Amino acid sequence: VVIGGGLLGLEAANAVKQLGLETHVVELAPRLMAVQIDSGAGKTLSREIENLGLTVHTGAMTEAILGTKGKVTGLALKDRATLNVDIVVFSAGIRPQDALGRAADLELAERGGILVDEHCRTSDEHIFAIGECAAPNGKMYGLVAPGYSMAEVVVDTMLGGDGTFEGADMSTKLKLLGVDVASFGDAHAETPGSLELVYSDAVAGIYKKLVISEDGKRLLGGVLVGDASAYGILRPMVASGRPL
């Protein structure tokens, strides 16, 4: 069993499956890859992954790892049947290591992480924080690329520049267990007034969603499952802001 149905969790599940083991994925969120894709895409992804022989448990809370004499025998889930398993793999997300910030009385984000401004400066003007311990505008990024961007901003600031960290591109495209998955731009339609165009073919295992601006003129983001061939065309359109 792999605990965690995000990107790394599904990659781990793929590795375990390739070892020839019966494989389960347990995810607390109501869908797989909750950060990157929406509920419709999550249903399609779960169905396609289960068709490949894995068992997916979404909305499932782990209560205990069972075993005797150091050997795992099962995984207890809240309000669900216990899974009989021999191996448990954790891929359950990232928590910011902010103990040093707490000890230094730096301001922290609501969900943990050292709060920093657009220059990655903490509440102490002489201290900067970057990477997964930092929370720009209260948001923690669990990826390496935003950390590199923050580092560039700090160096620029120290040299008298005006560079700022305005967030990170969380777009991703990969093949999970043989299923194409892509997410780009405002995939969850969080932009005020944004509109969603959705195509879903449950039989073929294809789900596509485009998020466009309220006036219908700009592409803001999207989600592709089962067929991500258009990703190379669509993602640059979001970055460029070109009219549709």
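Since every read-out is calculated from the coordinates, none of them should be taken as a lab result. None of these values were measured; they are calculated from a predicted model. Every residue, glycine as well, gets a Cβ built from its backbone with ideal geometry; the counts of neighbours run over all protein chains shown.
Annotations
- For the chain, with +1 on Lys and Arg beta carbons and -1 on Asp and Glu, the positive-most of Thr164, Asn14, Leu52 along the dipole: Leu52
- Rg/Rh for region 1-143 stands at 1.09; both radii use Cα atoms, and Rh follows the Kirkwood definition.
- CD proxy at 222 nm, helix term only [per DSSP H run n ≥ 4: -39500 (n - 2.57); per residue of the chain; nearest 500]: -7000 deg cm²/dmol
- Hull volume in cubic angstrom per residue (convex hull over the Cα atoms of region 120-244): 135
- Restricting region 162-221 to trypsin sites (Lys or Arg not before Pro) in coil, as DSSP defines it, with at most 14 other Cβ within 10 Å: Lys217
- Annotation: amide H of Gly221 within the under-5 Å range of Asp186, Val211, sequence separation 5 or more or interchain, hydrogens built in the peptide plane.
- In the chain, taking the dipole from charged Cβ atoms about the Cα centre, the farthest positive-side position among Gly226, Gly138, Gly193 is held by Gly226.
- Of Lys17/Lys139; Lys43/Lys175; Lys43/Lys173; Lys71/Lys139, pairs whose Cα-Cα distance is over 27 Å: Lys17/Lys139; Lys71/Lys139
- Net charge over other residues, Cβ less than 12 angstrom from the Cβ of Ala13 (K, R count +1; D, E count -1): -3
- Here the contact order of the chain, divided by its residue count and restricted to Cα pairs under 8 Å and six or more residues apart, works out to 14 percent.
- Region 163-228 shape via C-alpha gyration tensor axes, a/c threshold 1.5: oblate
- Region 1-40 and region 168-244: distance between their alpha carbon centers, rounded to Å: 21
- Rounded, prolate or oblate (a/c below 1.5 giving rounded, otherwise prolate when a/b exceeds b/c) for the chain by Cα gyration tensor: oblate
- Loop GluC sites (Glu not before Pro), region 123-212, which have at most 12 other Cβ atoms in a 10 Å radius of their Cβ (DSSP): Glu125, Glu166, Glu190
- Other residues within the sphere of radius under 14 Å centred on the Cβ of Gly161, judged by their own Cβ, net out at -3 (K and R +1, D and E -1).
- At q = 0.16 Å⁻¹ the log10 of I(q)/I(0) for region 62-144 amounts to -0.66, computed by Debye summation with a single uniform scatterer per C-alpha, solvent ignored.
- Note on region 24-97: semi-axes of the ellipsoid equivalent to its C-alpha gyration tensor, largest first and rounded to whole Å, are 24, 16, 11.
- Check: region 114-244 dipole with +1 on Lys, Arg Cβ and -1 on Asp, Glu Cβ, in debye: 600
- Sequence-distant residues sharing a close amide H with Leu108 (under 5 Å, placed H): Leu115
- Region 80-99 and region 140-162 have Cα centres spaced 30 Å apart.
- Region 106-117 - phi-based ³J(HN,Hα) in whole Hz, Karplus 6.51/-1.76/1.60, Gly and Pro as x: 7, 5, 10, 6, 4, 9, x, x, 7, 5, 10, 8
- Here the chain carries DSSP beta bridges of which approximately 75% are antiparallel, counting only pairs with both residues inside.
- Charge tally in the Cβ shell below 15 Å around Gly101, where Lys, Arg are +1 and Asp, Glu are -1, Gly101 excluded: -4
- Whole-angstrom Cα spans of region 191-244 along principal axes, big to small: 32, 23, 15
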